[in-house]
1. Could you tell me whether the stretch 182-198 includes any residue that is under 18 Å from the mean Cα position of the chain (by Cα), without any contact (Cβ under 8 Å) to a residue 40 or more places away in the chain and crowded, with 21+ Cβ neighbours inside 10 Å?
2. So which of GLU36, GLU13 ends up being part of a helix (DSSP H, G or I), acidic (Asp, Glu) and loosely packed, with under 11 Cβ neighbours inside 10 Å?
3. Residues being in contact with a His (Cβ under 6 Å, 6 or more places away or on another chain) and either of a type in the set (A, V, I, L, M, F, W, C) or not in a loop (DSSP other than H, G, I, E, B) (or both): count how many of those fall in the stretch 48-90.
4. Considering only residues that are over 12 Å from LEU202 (Cα atoms) and surrounded by 15 or more Cβ atoms within 10 Å (Cβ to Cβ), look in the stretch 238-253 and name the one that is farthest from ligand 2 (Cβ to nearest atom).
5. Confirm whether LEU73 is crowded, with 18+ Cβ neighbours inside 10 Å and not acidic (Asp, Glu).
6. Where the second residue is within 16 Å of ligand 1 (Cβ to nearest atom) and of a type in the set (Gly, Ala, Ser) and the first is in contact (Cβ under 8 Å) with a residue 60 or more places away in the chain and closer than 18 Å to THR130 by Cβ and lies in the stretch 82-97, which pairs have Cβ atoms under 6 Å and are six or more apart or on separate chains?
7. Suppose we keep only residues that are β-branched (Val, Ile, Thr) and surrounded by 15 or more Cβ atoms within 10 Å (Cβ to Cβ) within the stretch 123-152. Which one would you say is nearest to VAL169 (Cα to Cα)?
8. Could you please find all residues in the stretch 199-256 being without any contact (Cβ under 8 Å) to a residue 12 or more places away in the chain and among the aliphatic types (A, V, I, L, M)?
Amino acid sequence: MQKQAAKKNERVEEVFHLFVKHMQAFLKEAKINHEEYTNFVNWADRLGRSGELPLFADVFLETHVLNAMYKDLPGTQPSLLGPYFLEGSPELEKEPGGAYVLTQRPDEQGEVLYFKGNVSSVDGKPLGNTRVEFWENDATAKYSGFDSDAPRFNLRGHFYTDENGDFVVKCFVPLPYSIPDQGPTGEFLEYMDQHPMRPAHLHLMFEAEGHETLITQVFFEGDEWLESDVAQGVRKQLITKLVDKGDHKEASLNFVMRKK
Ligand code: MBD
Ligand code: FE
């Protein structure tokens, strides 16, 4: 126990030392004057007080952590967890055709999407009984539990793959998402000359025995924000096609999990 705690502190020490070193080098390189310094402290204080710090971090930093960890590894590339994941989603029920039906209000608006996936291991074996966590925004481009007044777990749920690693979930075509741009994060975007948009995406998290948890997103061909995602979460292999089936859309993607 003692030893583990010591080890953990060593890592924190190493990281904090590097952080301070690079911050000091940054202040020097940017020739930050005292007024700018005070402005920065005020902005960072407003960012924290507004509750937007997790948003800011996930939009501007998270992708760089993931790229450094996974860019050159086999298997499906992770994408951003983002600030809108909620623990404790309901387990979804199947409709007669075998698709899991996403939690929704009786009058839920949006275009129905049947999203199909297959989950396998890097060695090619299908991963049956994989827990799939799924969440997305609604037809007003809002996330339940955060910027929407829908019930807390609306458009959130989990289910399990069948023995072949397959699943189908009846959900909705997600919408491009504007991150909140009226607060301190918006101020930052304005100075950066950057729009606040993310391309439409589905959030998925996979948990399978003996494998690394895979947190990723799915995007759609033709989305106007794919190239300029404010959070830089798009990976080529995570883009799929929306196929028009008349009264609904279909899309699919396969997911490959890395072993622990
Ligand atoms: C989102 O919907 C999102 O997925 C991320 C990563 C950041 C902000 C909003
Ligand atoms: Fe999102």
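The values are calculated or read from the model by the stated rules, or taken from the named source; none is laboratory data. Everything quoted here is computed from the prediction, not taken from an experiment. All Cβ positions, even for glycine, are placed from backbone atoms using ideal geometry, and neighbour counts span all protein chains on display.
1. yes
2. Of the residues listed, the single one that is part of a helix (DSSP H, G or I), acidic (Asp, Glu) and loosely packed, with under 11 Cβ neighbours inside 10 Å is GLU13.
3. 0
4. Checking each candidate, the answer is GLU250.
5. no
6. Close Cβ pairs satisfying both conditions: none exist.
7. The residue in question is VAL132.
8. Passing the criteria: only VAL243.
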